[in-house]
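The values are calculated or read from the model by the stated rules, or taken from the named source; none is laboratory data. It should be emphasised that the depicted structure is a prediction, and the values quoted were computed from it without experimental measurement. Here the Cβ positions follow ideal geometry from the backbone for every residue, glycine too, while neighbour counts run over all protein chains shown.
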Amino acid sequence: MTTKSRIQSIDIVRGIAMVIMALDHVRDYFHVYANTDDPLNLATTTPLLFFTRWITHFCAPIFVFLSGTSIYLQSLRKTKKELSVFLIKRGFWLIFVEVVIVAFAWTFLPALNIIPLGVIWSIGISMVLLGLLIHLPYKSILLLGFVIVFGHNLLDIPESAPGFKAGFWWDLLHHGYFAPYQYADKHILLMIYPFVAWTGVMLLGYCAGVFFTTAYTQEQRRKILFRTGLVLIGLFALLRFINIYGDPHPWQPQQTGLLSFFSFINVWKYPPSLLYLCITIGPALLLLSFVEKMNNRFTNIMTVFGRTALFYYILHLYFIHLFATLLFFIKGHTMQEAIASVEKLPFLFVLTGEGFGLAGVYMIWAGLVLALYPLCKAYDSYKTSHKEKWWLSYL
């Protein structure tokens, strides 16, 4: 088994995650109830709406976990010092991308009045930390990853105390769920991804990279991934049934069996609870084991998206928001309406209560993915034929 084929299996799964992720972001901008109700609200959701949102829970864990795996593969061809310097620089670059390029894509506010700290921020700061931790022994990194992922929900205990109020640092490290912090006049930092748990995910992804080396045969790797995936899914089912630890929101029986099932699988993402990570990374490992031997038109397309993940991520946000802007003016709205609406919703050219049903959302999503593929393929070809350009390693 060559290194190339192993990396391809990682890129296939990462590409699938990127495509699914775009569905949630299209829903954010175009679904009629996107900004008036939670699609996971069991009192108002529908089965299709629930799964449209829930399926996208897989994206961030896969993205972060496989980022760690890719870093381990880089460690095979770089010294620890070289890798450390690269990770720290790329991590800070990703933080810049989040607070400037991605923030503008989300809001279209020229003054960057709202800076959301999302998934790119969490990957960036985790890379910086991994760049510092890379000098530790492998087992130490593995242990730290396990302690964070399996232990961070202990912080839910003080959070559940009556009168608990999270401050800036607590929100930054663990609690923040779209928590706003004003850092200047009319400028807000929006905590979306508290980073510590995500750093644990990256550390475990890094350690999982060892299974993609020549120390393991393809069959050994597939068995390890498959069995580990099953263990994580089993652990999720056990801990969720016990309903004591692993997620800050216990599940509750509902009026129907289907709603009870929804409650059971509806786990917390901000930060990613232990159960959230078990039920997302577990199936992702199963998928990794299945696609190892696949080579067809679908996997080739997903590989392109996986190899151009950051390029795809930035581009898809701008495409979505630009199309939303076009529809905004086609409907006859004015710039004055757009400016006035920012008081209610921090996205220019998006009005609360306007949009399409899920059929329209899925059609826009399909069109978006089709439009992005040739651009990503061209960029991937450029990267492949210009490996001497150092700056491409940051994209």
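Which one of these is aromatic (Phe, Trp, Tyr) and at pLDDT 95 or above: 177, 183, 206, 216? None of the others qualify; the one that does is 206.
In segment 276-296, the residues that are modelled with pLDDT of 95 or more form Cβ pairs under 8 Å with partners that are outside any helix (DSSP H, G or I) and surrounded by fewer than 20 Cβ atoms within 10 Å (Cβ to Cβ), at six or more places apart or across chains, as follows: 276/268; 276/269.
Of the helices (runs of 4 or more DSSP H) lying entirely inside segment 229-340, those containing at least 2 residues that are surrounded by fewer than 18 Cβ atoms within 10 Å (Cβ to Cβ) and in contact with a Pro (Cβ under 9 Å, 6 or more places away or on another chain) are 257-265.
Residue by residue, here is whether (1) more than 29 Å from residue 342 (Cβ to Cβ); (2) more than 13 Å from the chain's Cα centre (by Cα); (3) in contact (Cβ under 8 Å) with a residue 40 or more places away in the chain holds:
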position: 32; (1), (2), (3): no, yes, yes
position: 44; (1), (2), (3): no, yes, no
position: 50; (1), (2), (3): yes, yes, yes
position: 61; (1), (2), (3): yes, no, yes
position: 69; (1), (2), (3): yes, yes, yes
position: 84; (1), (2), (3): yes, yes, yes
position: 91; (1), (2), (3): yes, yes, yes
position: 96; (1), (2), (3): no, yes, no
position: 104; (1), (2), (3): no, yes, no
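Residue selection: residue 126 fails the criterion of being among the small types (Gly, Ala, Ser), in a helix (DSSP H, G or I), within 16 Å of the chain's Cα centre (by Cα) and under 21 Å from residue 390 (Cα atoms).
Evaluate the following for residue 239: is it over 28 Å from residue 292 (Cβ atoms), at pLDDT 95 or above and in contact with a Gly (Cβ under 8 Å, 6 or more places away or on another chain)? Against the criterion (over 28 Å from residue 292 (Cβ atoms), at pLDDT 95 or above and in contact with a Gly (Cβ under 8 Å, 6 or more places away or on another chain)), residue 239 qualifies.
Flag: residue 349 matches the condition of being hydrophobic (A, V, I, L, M, F, W, C), in contact (Cβ under 8 Å) with a residue 60 or more places away in the chain and closer than 16 Å to residue 110 by Cβ.
Could you say whether any residue in segment 220-228 is in a helix (DSSP H, G or I) and closer than 19 Å to residue 64 by Cβ? Taking every residue of segment 220-228 in turn, at least one turns out to be in a helix (DSSP H, G or I) and closer than 19 Å to residue 64 by Cβ. Counting only residues that are basic (Lys, Arg) and crowded, with 18+ Cβ neighbours inside 10 Å, give me the helices (runs of 4 or more DSSP H) lying completely in segment 1-98 with at least 1 of them. By residue number, 3-30, 47-54, 80-96.
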